[in-house]
Amino acid sequence: MRYLLTLLVGAALGAVAVFYFAVGAPRIKEMAGATVQAPVAGEPPAGTALLTLDENFFNALLTTIFRDLSDLKFQLAGVRSTDDEVRFVQTQGGCANQVIVVAEGSGVKTGVRISDGKVTAPLAFSGSYSLLGNCLNFKGAGQANIQFNFNREQQTLYGQINVEGVNLEGVNPAVGGIVTLFVQRAINERVNPLPILRAQQLALSVPVQASDGTLKAQVKDVRSEIIDNALRLHINYDFNATRGQTPTNPQT
């Protein structure tokens, strides 16, 4: 029995090594821009608007993702070596080799929680993986944090879901590291970076009829803090006005 456990743990660690060597560590899509920082102490700068986003907003966002993408599914790659190449096999002996992030499972609802100064995301998932010729079916729940990034050129606020760890049901804990990688890669492939607020939602354009002009504003900085279990955004605008660009009403 001890030999068998050692063999299984060794195989699991070997699978992790193969995953890193052949597939690579989970790559996060690079987001140009700046990580959103906490607001500076004192009164906010002139031209700053406050916007509060609660858990209902974020959960509605995730509900839309699940509705439009169905379950978040990532096809895992089994590895088969030959003399001159390494090939990836998506299905081995009837084993689907996949991980699926689902809306609910293992007593957990996938969603967003805002508390203790953090934005976190519990995740439910299930899947299967071919190991030592056997199909390993797994399910469980994971914990992730959400970080925010503001891209000034795109005028877009993004979220980044980072999986911190998973708990598996009925599976050797040594396999947990593999599944953590799979779940993170699934999210990176299908979700990250997650647009929270786009340019059309942040930009301001106000016609001024008296001067035949338009007052416009673009976001130059975004700060955030957690207050009363909600994310409060400090959005600082750069204002400018132009003449002769007042929109006209179309003829009816």
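The values are calculated or read from the model by the stated rules, or taken from the named source; none is laboratory data. Since this is a predicted model, take the numbers as computed values, not measurements. No Cβ is skipped: glycine too gets one built from the backbone with ideal geometry, and neighbour counts run over all protein chains shown. Heavy atoms of the whole protein, side chains included, go into the accessibility calculation; ligands, DNA and RNA do not. Shrake-Rupley method; radii C 1.70, N 1.55, O 1.52, S 1.80 Å.
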statement: ASN59: passes all of (1) of a type in the set (S, T, N, Q); (2) surrounded by 15 or more Cβ atoms within 10 Å (Cβ to Cβ); (3) modelled with pLDDT under 90; (4) in a helix (DSSP H, G or I) but (3)
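Report, by residue number, each residue of segment 217-229 that is aliphatic (A, V, I, L, M) and either surrounded by fewer than 16 Cβ atoms within 10 Å (Cβ to Cβ) or not in a strand (DSSP E or B) (or both).
Let us first name the residues in segment 217-229 that are aliphatic (A, V, I, L, M), namely 217, 219, 222, 226-227.
Of everything in segment 217-229, those that are aliphatic (A, V, I, L, M) and either surrounded by fewer than 16 Cβ atoms within 10 Å (Cβ to Cβ) or not in a strand (DSSP E or B) (or both) turn out to be ILE226, ILE227.
Scan segment 118-128 for residues that are open to solvent by 30 Å² or more (accessible area, probe 1.4 Å) and modelled with pLDDT under 90 and report the count. Don't jump to the end; show me each part of the working.
Just the residues of segment 118-128 that are open to solvent by 30 Å² or more (accessible area, probe 1.4 Å), to begin with: 118, 126.
From what is left, the residues that are modelled with pLDDT under 90 are 126.
The qualifying residues number 1.
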- prompt: Can you name the strands (runs of 3 or more DSSP E) wholly within segment 94-177 that have at least 3 residues being in contact with a Phe, Trp or Tyr (Cβ under 9 Å, 6 or more places away or on another chain)?
  reply: 98-102, 118-131, 134-151, 156-168
query: If the Cβ limit is 6 Å and pairs must be 6+ apart or interchain, which residue in segment 117-129 that is over 23 Å from PRO39 (Cβ atoms) and without any contact (Cβ under 8 Å) to a residue 40 or more places away in the chain pairs with which residue that is buried (at least 23 other Cβ atoms within 10 Å of the Cβ) and polar (S, T, N, Q)?
result: ALA124/THR110
message: I want to confirm something. Restricting to segment 64-102 and keeping residues that are surrounded by fewer than 15 Cβ atoms within 10 Å (Cβ to Cβ) and small (Gly, Ala, Ser), which single residue is modelled with the highest pLDDT?
response: GLY94
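Are any residues in segment 35-45 exposed (fewer than 13 other Cβ atoms within 10 Å of the Cβ) and either in contact with a Phe, Trp or Tyr (Cβ under 9 Å, 6 or more places away or on another chain) or closer than 24 Å to SER115 by Cβ (or both), and if so, which ones? Give the derivation first.
Narrowing segment 35-45 to residues exposed (fewer than 13 other Cβ atoms within 10 Å of the Cβ): 35, 38, 40-43.
Matches in segment 35-45: THR35, ALA38, VAL40, ALA41.
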task: Mind listing whichever residues of segment 152-183 are of a type outside the set (A, V, I, L, M), in contact with a Gly (Cβ under 9 Å, 6 or more places away or on another chain) and buried (at least 17 other Cβ atoms within 10 Å of the Cβ)?
output: THR156, TYR158, GLY176, THR180, PHE182
- request: Would you mind stating whether ASN192 is under 21 Å from PHE57 (Cα atoms) and open to solvent by less than 10 Å² (accessible area, probe 1.4 Å)?
  value: yes
query: Can you find a residue in segment 237-245 that is open to solvent by 10 Å² or more (accessible area, probe 1.4 Å), at pLDDT 85 or above and touching a Ser or Thr at 6+ places or on another chain (Cβ under 6 Å)?
result: no
message: The conditions are (1) in contact with a Gly (Cβ under 9 Å, 6 or more places away or on another chain); (2) over 30 Å from VAL101 (Cβ atoms), and VAL206 fails exactly one of them. Which is it?
response: (1)
query: Does segment 207-216 contain at least one residue that is open to solvent by 60 Å² or more (accessible area, probe 1.4 Å), out of contact with any strand residue (DSSP E or B) (no Cβ under 8 Å at 6 or more places or on another chain), outside any loop (DSSP other than H, G, I, E, B) and more than 16 Å from PHE239 (Cα to Cα)?
result: yes
